[in-house]
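Working notes, beginning with the structure itself.
The values are calculated or read from the model by the stated rules, or taken from the named source; none is laboratory data. Quick caveat, the model's predicted, so the values are computed rather than measured. When we count neighbours, we look across all protein chains shown, and the Cβ atoms used for this are built from the backbone with ideal geometry, even at glycine. Heavy atoms of the whole protein, side chains included, go into the accessibility calculation; ligands, DNA and RNA do not. Shrake-Rupley method; radii C 1.70, N 1.55, O 1.52, S 1.80 Å.
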Amino acid sequence: MTFLFHNGRYSARFAQTDCDLHACQQLRHRCFFGGEGLDSDSFDAACKHLMVIDSAGSVVATARLFHLRTGAEIHSSYAAQFNDLSGLSGNNSAMMELGRFCIAPDVLDADVLRVTWGALTQIVDKNEVAYLFGCTSFAGTDPARYGRAFARLRAKHLGPAGLRPLARTDCLIPLVDVPPNGADPMPPLLRTYLAMGGWVSDYAVIDHKMNTLHVFTCLEVASVPPSRAAALRALAEGTRLS
(Lines give C-alpha, C1' and ligand atoms only; values in the text may rest on other atoms or scores of the structure.)
Protein backbone atom coordinates (compact mmCIF):
# COMPACT_ATOMS: atom_id res chain seq x y z
CA MET A 1 0.00 0.00 0.00
CA THR A 2 1.56 3.30 -1.12
CA PHE A 3 0.96 6.44 0.88
CA LEU A 4 1.26 9.80 -0.82
CA PHE A 5 1.62 11.72 2.38
CA HIS A 6 1.98 11.21 6.10
CA ASN A 7 1.88 13.78 8.89
CA GLY A 8 1.49 12.82 12.54
CA ARG A 9 -1.59 10.66 13.01
CA TYR A 10 -2.90 11.15 9.45
CA SER A 11 -1.94 9.60 6.12
CA ALA A 12 -3.23 10.22 2.60
CA ARG A 13 -3.44 7.80 -0.30
CA PHE A 14 -5.61 6.94 -3.26
CA ALA A 15 -8.48 4.48 -2.94
CA GLN A 16 -7.28 1.17 -4.35
CA THR A 17 -10.13 -1.28 -3.77
CA ASP A 18 -13.92 -1.31 -3.87
CA CYS A 19 -13.86 -1.20 -0.08
CA ASP A 20 -11.73 1.95 -0.18
CA LEU A 21 -14.11 3.60 -2.64
CA HIS A 22 -17.13 2.63 -0.54
CA ALA A 23 -15.50 4.18 2.53
CA CYS A 24 -15.05 7.44 0.60
CA GLN A 25 -18.63 7.32 -0.67
CA GLN A 26 -19.93 6.63 2.84
CA LEU A 27 -18.12 9.67 4.20
CA ARG A 28 -19.42 11.79 1.34
CA HIS A 29 -22.97 10.68 2.14
CA ARG A 30 -22.53 11.53 5.83
CA CYS A 31 -21.22 14.99 4.98
CA PHE A 32 -23.58 15.94 2.15
CA PHE A 33 -26.76 14.07 3.04
CA GLY A 34 -26.40 13.01 6.68
CA GLY A 35 -26.72 9.48 8.01
CA GLU A 36 -25.64 6.21 6.46
CA GLY A 37 -25.51 5.50 2.75
CA LEU A 38 -23.35 5.81 -0.36
CA ASP A 39 -22.96 9.00 -2.36
CA SER A 40 -22.07 7.77 -5.84
CA ASP A 41 -22.56 8.90 -9.42
CA SER A 42 -21.36 8.20 -12.94
CA PHE A 43 -18.26 10.40 -12.53
CA ASP A 44 -16.72 8.19 -9.83
CA ALA A 45 -15.42 5.59 -12.30
CA ALA A 46 -13.36 8.13 -14.24
CA CYS A 47 -11.77 9.69 -11.16
CA LYS A 48 -9.16 8.94 -8.53
CA HIS A 49 -10.31 9.19 -4.95
CA LEU A 50 -7.98 10.68 -2.35
CA MET A 51 -8.58 9.46 1.17
CA VAL A 52 -7.12 10.78 4.43
CA ILE A 53 -6.93 8.12 7.13
CA ASP A 54 -6.32 8.50 10.85
CA SER A 55 -4.18 6.24 13.02
CA ALA A 56 -7.20 4.06 13.80
CA GLY A 57 -7.78 3.38 10.10
CA SER A 58 -10.89 5.56 9.72
CA VAL A 59 -11.38 7.73 6.64
CA VAL A 60 -11.63 11.31 7.92
CA ALA A 61 -11.50 13.19 4.62
CA THR A 62 -11.84 12.50 0.92
CA ALA A 63 -11.69 14.28 -2.42
CA ARG A 64 -12.42 13.18 -5.99
CA LEU A 65 -9.81 14.04 -8.62
CA PHE A 66 -10.43 14.10 -12.36
CA HIS A 67 -7.26 14.59 -14.40
CA LEU A 68 -7.59 16.37 -17.77
CA ARG A 69 -4.70 16.34 -20.23
CA THR A 70 -5.80 19.70 -21.71
CA GLY A 71 -8.66 22.16 -21.42
CA ALA A 72 -10.30 20.54 -24.45
CA GLU A 73 -11.48 17.78 -22.10
CA ILE A 74 -13.08 20.13 -19.58
CA HIS A 75 -16.56 19.65 -21.03
CA SER A 76 -16.56 16.09 -19.64
CA SER A 77 -16.06 17.31 -16.06
CA TYR A 78 -18.65 17.32 -13.29
CA ALA A 79 -18.62 21.14 -13.18
CA ALA A 80 -19.51 21.33 -16.87
CA GLN A 81 -23.02 20.06 -16.06
CA PHE A 82 -23.79 23.42 -14.48
CA ASN A 83 -21.28 25.79 -16.10
CA ASP A 84 -20.29 26.68 -19.65
CA LEU A 85 -16.51 26.35 -19.36
CA SER A 86 -15.63 27.40 -22.90
CA GLY A 87 -13.34 30.13 -21.55
CA LEU A 88 -11.01 27.50 -20.12
CA SER A 89 -11.35 24.92 -22.89
CA GLY A 90 -8.72 26.49 -25.14
CA ASN A 91 -5.93 25.99 -22.63
CA ASN A 92 -3.39 23.37 -23.71
CA SER A 93 -2.10 22.65 -20.20
CA ALA A 94 -3.10 19.85 -17.83
CA MET A 95 -6.00 20.54 -15.47
CA MET A 96 -7.50 18.76 -12.49
CA GLU A 97 -11.04 18.92 -11.17
CA LEU A 98 -11.23 18.68 -7.38
CA GLY A 99 -14.68 17.62 -6.29
CA ARG A 100 -16.69 16.00 -3.50
CA PHE A 101 -14.16 17.28 -0.97
CA CYS A 102 -15.34 16.74 2.60
CA ILE A 103 -14.04 16.23 6.13
CA ALA A 104 -15.85 14.10 8.71
CA PRO A 105 -18.12 16.45 10.69
CA ASP A 106 -16.79 15.22 14.03
CA VAL A 107 -13.14 15.83 13.06
CA LEU A 108 -11.95 19.33 13.94
CA ASP A 109 -8.19 18.84 13.63
CA ALA A 110 -6.65 21.38 11.22
CA ASP A 111 -3.95 18.82 10.37
CA VAL A 112 -6.49 16.97 8.24
CA LEU A 113 -6.69 19.91 5.83
CA ARG A 114 -2.89 20.26 5.89
CA VAL A 115 -2.43 16.61 5.00
CA THR A 116 -4.94 16.94 2.18
CA TRP A 117 -3.14 19.92 0.68
CA GLY A 118 0.24 18.26 1.15
CA ALA A 119 -0.97 15.28 -0.86
CA LEU A 120 -2.61 17.52 -3.47
CA THR A 121 0.64 19.45 -3.88
CA GLN A 122 2.45 16.21 -4.69
CA ILE A 123 -0.23 15.21 -7.19
CA VAL A 124 -0.29 18.62 -8.89
CA ASP A 125 3.49 18.71 -9.24
CA LYS A 126 3.77 15.12 -10.46
CA ASN A 127 1.11 15.65 -13.14
CA GLU A 128 2.28 19.17 -14.07
CA VAL A 129 -1.24 20.49 -13.45
CA ALA A 130 -1.66 24.13 -14.48
CA TYR A 131 -5.24 24.66 -13.23
CA LEU A 132 -7.26 23.26 -10.33
CA PHE A 133 -11.02 23.78 -10.56
CA GLY A 134 -14.30 22.53 -9.18
CA CYS A 135 -17.62 23.38 -7.56
CA THR A 136 -17.11 24.65 -4.01
CA SER A 137 -20.13 23.86 -1.85
CA PHE A 138 -21.93 25.96 0.74
CA ALA A 139 -24.21 23.87 2.98
CA GLY A 140 -27.94 24.32 2.40
CA THR A 141 -29.75 26.19 -0.37
CA ASP A 142 -30.59 29.47 1.38
CA PRO A 143 -28.28 32.14 -0.10
CA ALA A 144 -29.21 34.65 2.62
CA ARG A 145 -27.04 32.69 5.06
CA TYR A 146 -23.94 33.60 3.03
CA GLY A 147 -24.65 37.24 2.15
CA ARG A 148 -21.38 38.57 3.56
CA ALA A 149 -19.34 35.76 2.05
CA PHE A 150 -20.91 36.28 -1.37
CA ALA A 151 -20.35 40.04 -1.13
CA ARG A 152 -16.66 39.41 -0.48
CA LEU A 153 -16.44 37.03 -3.41
CA ARG A 154 -18.13 39.54 -5.69
CA ALA A 155 -15.93 42.42 -4.56
CA LYS A 156 -12.53 40.72 -4.51
CA HIS A 157 -12.46 37.29 -6.10
CA LEU A 158 -14.37 37.17 -9.40
CA GLY A 159 -12.53 35.46 -12.23
CA PRO A 160 -11.29 37.20 -15.38
CA ALA A 161 -14.13 37.97 -17.76
CA GLY A 162 -12.61 35.86 -20.53
CA LEU A 163 -12.26 32.76 -18.33
CA ARG A 164 -15.25 33.08 -16.01
CA PRO A 165 -18.00 30.55 -16.82
CA LEU A 166 -21.56 31.17 -17.88
CA ALA A 167 -24.37 29.22 -16.24
CA ARG A 168 -25.90 26.19 -17.94
CA THR A 169 -28.82 25.98 -15.50
CA ASP A 170 -31.70 28.19 -14.43
CA CYS A 171 -31.24 27.09 -10.82
CA LEU A 172 -28.87 29.84 -9.85
CA ILE A 173 -28.64 33.13 -8.05
CA PRO A 174 -26.30 35.95 -9.10
CA LEU A 175 -24.02 36.92 -6.24
CA VAL A 176 -25.03 40.55 -6.73
CA ASP A 177 -28.63 39.65 -5.85
CA VAL A 178 -27.80 38.40 -2.34
CA PRO A 179 -28.01 41.10 0.37
CA PRO A 180 -24.71 41.24 2.30
CA ASN A 181 -26.25 40.28 5.64
CA GLY A 182 -25.73 36.56 6.22
CA ALA A 183 -23.22 35.58 8.88
CA ASP A 184 -22.30 32.01 7.87
CA PRO A 185 -18.63 31.66 6.90
CA MET A 186 -17.03 30.49 3.68
CA PRO A 187 -16.11 26.79 3.46
CA PRO A 188 -12.50 26.05 4.51
CA LEU A 189 -11.61 24.71 1.06
CA LEU A 190 -12.73 27.93 -0.60
CA ARG A 191 -10.81 30.06 1.88
CA THR A 192 -7.68 28.10 0.99
CA TYR A 193 -8.29 28.54 -2.74
CA LEU A 194 -8.72 32.29 -2.32
CA ALA A 195 -5.58 32.62 -0.18
CA MET A 196 -3.65 31.05 -3.06
CA GLY A 197 -5.07 33.42 -5.67
CA GLY A 198 -8.13 31.45 -6.76
CA TRP A 199 -11.20 33.01 -8.34
CA VAL A 200 -14.92 32.22 -8.59
CA SER A 201 -17.96 32.60 -10.84
CA ASP A 202 -20.32 35.54 -10.37
CA TYR A 203 -23.27 33.28 -9.47
CA ALA A 204 -24.05 30.34 -7.21
CA VAL A 205 -25.81 27.23 -8.49
CA ILE A 206 -28.65 25.92 -6.34
CA ASP A 207 -28.21 22.14 -6.17
CA HIS A 208 -31.35 20.70 -4.60
CA LYS A 209 -30.14 17.10 -4.94
CA MET A 210 -26.99 17.78 -2.90
CA ASN A 211 -28.74 20.39 -0.71
CA THR A 212 -25.95 22.86 -1.41
CA LEU A 213 -25.14 26.11 -3.11
CA HIS A 214 -21.96 25.92 -5.12
CA VAL A 215 -19.76 28.40 -6.93
CA PHE A 216 -17.36 27.49 -9.69
CA THR A 217 -13.84 27.89 -8.36
CA CYS A 218 -10.56 27.95 -10.28
CA LEU A 219 -6.91 28.27 -9.31
CA GLU A 220 -4.08 28.84 -11.76
CA VAL A 221 -1.14 27.07 -10.12
CA ALA A 222 1.35 29.59 -11.50
CA SER A 223 -0.51 32.40 -9.71
CA VAL A 224 0.00 30.93 -6.22
CA PRO A 225 2.13 33.42 -4.24
CA PRO A 226 5.74 32.18 -4.12
CA SER A 227 5.81 32.06 -0.32
CA ARG A 228 2.65 29.94 -0.20
CA ALA A 229 3.90 27.64 -2.97
CA ALA A 230 7.22 27.18 -1.17
CA ALA A 231 5.46 26.38 2.11
CA LEU A 232 3.21 23.78 0.44
CA ARG A 233 6.14 22.11 -1.30
CA ALA A 234 8.20 22.10 1.89
CA LEU A 235 5.28 20.48 3.69
CA ALA A 236 4.89 17.87 0.95
CA GLU A 237 8.59 17.09 0.60
CA GLY A 238 9.11 16.86 4.34
CA THR A 239 6.75 13.92 4.77
CA ARG A 240 6.74 12.24 1.35
CA LEU A 241 6.57 8.45 1.48
CA SER A 242 7.38 6.15 -1.41
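Listed values, structure above:
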item: Charge dipole magnitude, Cβ of K and R +1, D and E -1 - the chain, Cα centre, debye nearest 20; result: 580
item: Degrees separating the helix 18-32 axis from the principal Cα axis of the chain, which is the longest one; result: 40
item: Rounded accessible area per residue of the stretch 11-52, 1.4 Å, Å²; result: 49
item: Other-chain or far-sequence residues with amide H under 5 Å of ASN211's (modelled H); result: none
item: Solvent-accessible area per residue, Å², over the stretch 97-153 with all protein chains present [probe radius 1.4 Å]; result: 39
item: Solvent-accessible area of TYR146 with every protein chain in place, 1.4 Å probe, in Å² to the nearest 10; result: 10
item: Karplus (6.51, -1.76, 1.60) ³J(HN,Hα), θ = phi - 60°, over the stretch 76-93, in Hz, Gly and Pro reported as x; result: 8, 7, 4, 4, 5, 5, 10, 10, 7, 9, 4, x, 9, 6, x, 6, 8, 8
item: Mean separation of Cα contacts under 8 Å, 6 or more apart, over the residue count of the chain: relative contact order %; result: 21
item: Cα centroid separation, the stretch 85-117 to the stretch 1-32 (Å); result: 14
item: Helix-only CD estimate at 222 nm, as mean residue ellipticity for the chain, using -39500 (n - 2.57) per DSSP H run (n ≥ 4); result: -8500 deg cm²/dmol
item: Filtered trypsin sites (Lys or Arg not before Pro), the stretch 43-137: DSSP coil and at most 12 other beta carbons within 10 Å; result: ARG69
item: Residue order for PHE133, PHE33, PHE82 - accessible surface, 1.4 angstrom probe, largest first; result: PHE33, PHE82, PHE133
item: Accessible surface ranking that places the most exposed of PHE138, PHE32 first, with a 1.4 angstrom probe; result: PHE32, PHE138
item: Other-chain or far-sequence residues with amide H under 5 Å of ALA167's (modelled H); result: ASP84
item: ILE206 accessible area, 1.4 Å probe, all protein chains in place, Å² to nearest 10; result: 40
item: Carbon plus sulfur fraction of accessible area for the chain, probe 1.4 Å, in percent; result: 52
item: With at most 14 other Cβ atoms within 10 Å, longest stretch of the chain clear of loop GluC sites (Glu not before Pro) (DSSP); result: 129-242
item: Percent of Cα pairs exceeding the 16 Å cut-off, where the set is the stretch 2-89; result: 59
item: Angle between the chain longest axis and helix 111-126 axis [Cα atoms, degrees, rounded to 10]; result: 90
item: Answer label for Rg and Dmax of the Cα atoms in Å (calculated), chosen among [x] 16.4, 54; [y] 17.2, 50; [z] 17.7, 53; result: [y]
